[in-house]
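The values are calculated or read from the model by the stated rules, or taken from the named source; none is laboratory data. This structure is a prediction, so every number in the text was calculated from the model and none was measured. Ideal geometry is used to build each Cβ from the backbone, glycine not excepted, and the neighbour counts take in all protein chains shown.
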């Protein structure tokens, strides 16, 4: 829930080149930083293309003659899922992040995205308790037993109202790193259709 947007996981200190950067300098930058690609920007810092190590197989004087265009970009408010789909669709490992005026403000890599979904179980559990139970549903941190195993979250306990259960399950499923939610929740009052009564 904290990390769903690109702006939360991108690197904002971006190594970039201009279209006039020489072939040798591009190669040196890729080697020095161990990158497989660099964004190419114009004089206004707008992304005009991407250059990768594969592009260097065809020697040319400048980055502008080597780069792929147009560059596939994302915005900081885009979701991590959207970025992952764009990477898969265009078969790229990194995406420049641009602002409303298409100026380069960051870069996001496949590794950045994977890091979000490969979170430790204890970190996922802590976020479910803090963000879902305490901050969103105003429950005590011990009111629901939360266990996480390999990204599968099990919720067990009794809530006040029936209507809180789907909210708890849905919000838990939106936490980064969660692959499934096992609902073992019960309720005291059935408020689903104005009916009274307790669930057993």
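Among the listed residues 26, 14, 47, which satisfies the condition of being more than 17 Å from the chain's Cα centre (by Cα), touching a residue at least 24 places away in the same chain (Cβ under 8 Å) and within 25 Å of residue 176 (Cβ to Cβ)?
Unique residue meeting the criteria: 14.
Would you pick out the residues in region 24-77 that are out of contact with any helix residue (DSSP H, G or I) (no Cβ under 7 Å at 6 or more places or on another chain), surrounded by fewer than 16 Cβ atoms within 10 Å (Cβ to Cβ) and in a helix (DSSP H, G or I)?
Scanning region 24-77 gives 24, 25, 28, 31, 32, 33, 54, 57, 65.
Within the bounds of region 51-66, is there any residue that is in contact with a strand residue (DSSP E or B) (Cβ under 7 Å, 6 or more places away or on another chain) and within 19 Å of residue 86 (Cα to Cα)?
yes
Can you name the residue in region 78-97 that is touching a strand residue (DSSP E or B) at 6+ places or on another chain (Cβ under 6 Å) and in a strand (DSSP E or B) and, of all such residues, is surrounded by the fewest Cβ atoms within 10 Å (Cβ to Cβ)?
Among those residues, the one meeting the criterion is 94.
Residue-by-condition table, conditions (1) loosely packed, with under 14 Cβ neighbours inside 10 Å; (2) modelled with pLDDT under 95; (3) outside the structural domain of residue 34 (by TED's automatic domain parsing):
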site	(1), (2), (3)
111	yes, yes, no
126	no, no, yes
138	yes, yes, yes
148	no, no, yes
155	no, no, yes
159	no, yes, yes
175	no, yes, yes
180	yes, yes, yes
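Which one of these is in contact with a helix residue (DSSP H, G or I) (Cβ under 9 Å, 6 or more places away or on another chain) and in a helix (DSSP H, G or I): 139, 133?
None of the other options fit; the residue is 133.
Being closer than 18 Å to residue 39 by Cβ and in contact (Cβ under 8 Å) with a residue 24 or more places away in the chain is the filter here, so list the residues in region 73-94 that pass it.
Correct list: 73, 74, 75, 76, 78, 83, 87, 92, 93, 94.
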